[in-house]
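The values are calculated or read from the model by the stated rules, or taken from the named source; none is laboratory data. It should be emphasised that the depicted structure is a prediction, and the values quoted were computed from it without experimental measurement. Glycine also receives a Cβ, built like all others from the backbone with ideal geometry; neighbour counts cover every protein chain displayed.
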Amino acid sequence: MYPKFVKVVTYDEDDIWMSTKLKNPMKGSLQVVFSKSDSEESQTAARRKVREKTSLELPQMQYLVTNQDYNCNIYICDIERFKLRYMEPEKAGLWKHYSWRRFNKIAR
């Protein structure tokens, strides 16, 4: 059975990459790559969503955990060598660096 959602946390040596939601619900909140898995294998769905939202073709991702409450597989990916592109200007703001400390506050 496939998870309902996938989430990918992209990071580099110093920071997490997140963007701001521009529309409701949750307008103004920070987000990582997150989406429905569309009945695909989890890692396939995660790679597709990262490509759609950032233009990155990820060579590797690391599975982190499954959030059972939301049926969501969460992956992390070091993208130090890559540059995220702004692919959904009608839905989200630019991808920006946020410190690990701020990310930990938000994620709680």
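Residue count for region 1-37 satisfying the condition of being basic (Lys, Arg) and surrounded by 13 or more Cβ atoms within 10 Å (Cβ to Cβ): 4. Whether a residue is surrounded by 13 or more Cβ atoms within 10 Å (Cβ to Cβ) and at pLDDT 90 or above was assessed, and residue 75 passes this test.
Residue 80 - would you say it is exposed (fewer than 13 other Cβ atoms within 10 Å of the Cβ), at negative phi and in contact (Cβ under 8 Å) with a residue 24 or more places away in the chain? Here the answer is yes, as residue 80 does meet what is asked. Restricting attention to region 46-69, the residues being of a type in the set (Ser, Thr, Tyr), in contact (Cβ under 8 Å) with a residue 40 or more places away in the chain and either exposed (fewer than 13 other Cβ atoms within 10 Å of the Cβ) or in contact with a helix residue (DSSP H, G or I) (Cβ under 7 Å, 6 or more places away or on another chain) (or both) number 0.
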